[in-house]
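None of the figures in this text is laboratory data; all of them are computed from the coordinates on show. All values reported here derive from a predicted model rather than from experimental measurement. Here Cβ is always computed from backbone atoms with ideal geometry, including for glycine, and neighbour counts include all displayed protein chains.
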Amino acid sequence: MNISLQANIKCPFFMSETKNLLCCEGFIDGTCMTTKFQSTAAKVEHVNQFCINMDGGECYMAKKLYEKYKLLQEKEERERIEKARQNMSLLLRVR
C-alpha cells in the first residue's frame with residue numbers, strides 16, 4: 001500500500017498491512033483479525049470504501065468492535081452505579 005493511502009486510514013481498529021493483508025484489532029484482547037485480499041487492488045478498494053472513515057463506515061468488523069466497546073462501557077457504568085449504591089447504603093447504616 002502506498003504511504004499516502006495508509007496515512008488516510010482513520011479507522012481506530014486498523015493495526016497494520018502487508019501486500020494483500022489488512023490486520024485489524026481482534027475481538028479477543030491482544031489479537032489481530034487478518035483479512036486476505038485476492039489482490040492489492042482489492043485491498044486498496046476496501047481501504048478506500050471503509051478504512052478512511054473514523055467509524056469504519058459500513059465495515060462489519062468495525063461495527064462489531066464498536067458494539068463490543070459499547071457493551072463494555074455499559075457494563076462498567078452499571079458496576080460504578082452498583083458500587084456507589086453499596087457505598088451509600090454503608091454510609092446510611094453508620095448514621
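Counting only DSSP H runs of at least 4 residues, each contributing -39500 (n - 2.57), and dividing by the residue count of the chain, the helix-based mean residue ellipticity at 222 nm comes to -16500 deg cm²/dmol. The angle between the Cα long axis of helix 60-94 and the main principal axis of the chain comes to about 10°, on a 0 to 90 degree scale.
Magnitude of the Cβ-charge dipole of the chain, K/R +1 and D/E -1, about the Cα centre, nearest 20 debye?
Numbers: 15 positive and 12 negative charges, 91 e Å.
In debye, rounded to 20, the chain gives about 440.
Using the Kirkwood radius over C-alpha pairs as Rh, can you work out the diffusion coefficient of the range 3-94 via Stokes-Einstein at 4 °C, viscosity 1.567 mPa s, in µm² per second? Diffusion coefficient, whole number: 84 µm²/s. Averaging the Cα positions of each part gives two centres, and for the range 51-95 and the range 22-36 these lie 22 Å apart. Which one, Ala41, Ile9, Gln86, projects farthest toward the positive side of the charge dipole computed for the range 3-94 from Cβ point charges (K/R +1, D/E -1)? Going by the Cα projections, it comes out as Gln86.
Using R0 = 35 Å, the C-beta based FRET efficiency linking Ala41 and Lys64 works out to 0.85. Mind checking which lysines have their C-alpha under 24 Å from Lys64, skipping anything on the same chain fewer than 8 residues away? Within reach: Lys10, Lys36, Lys43, Lys75.
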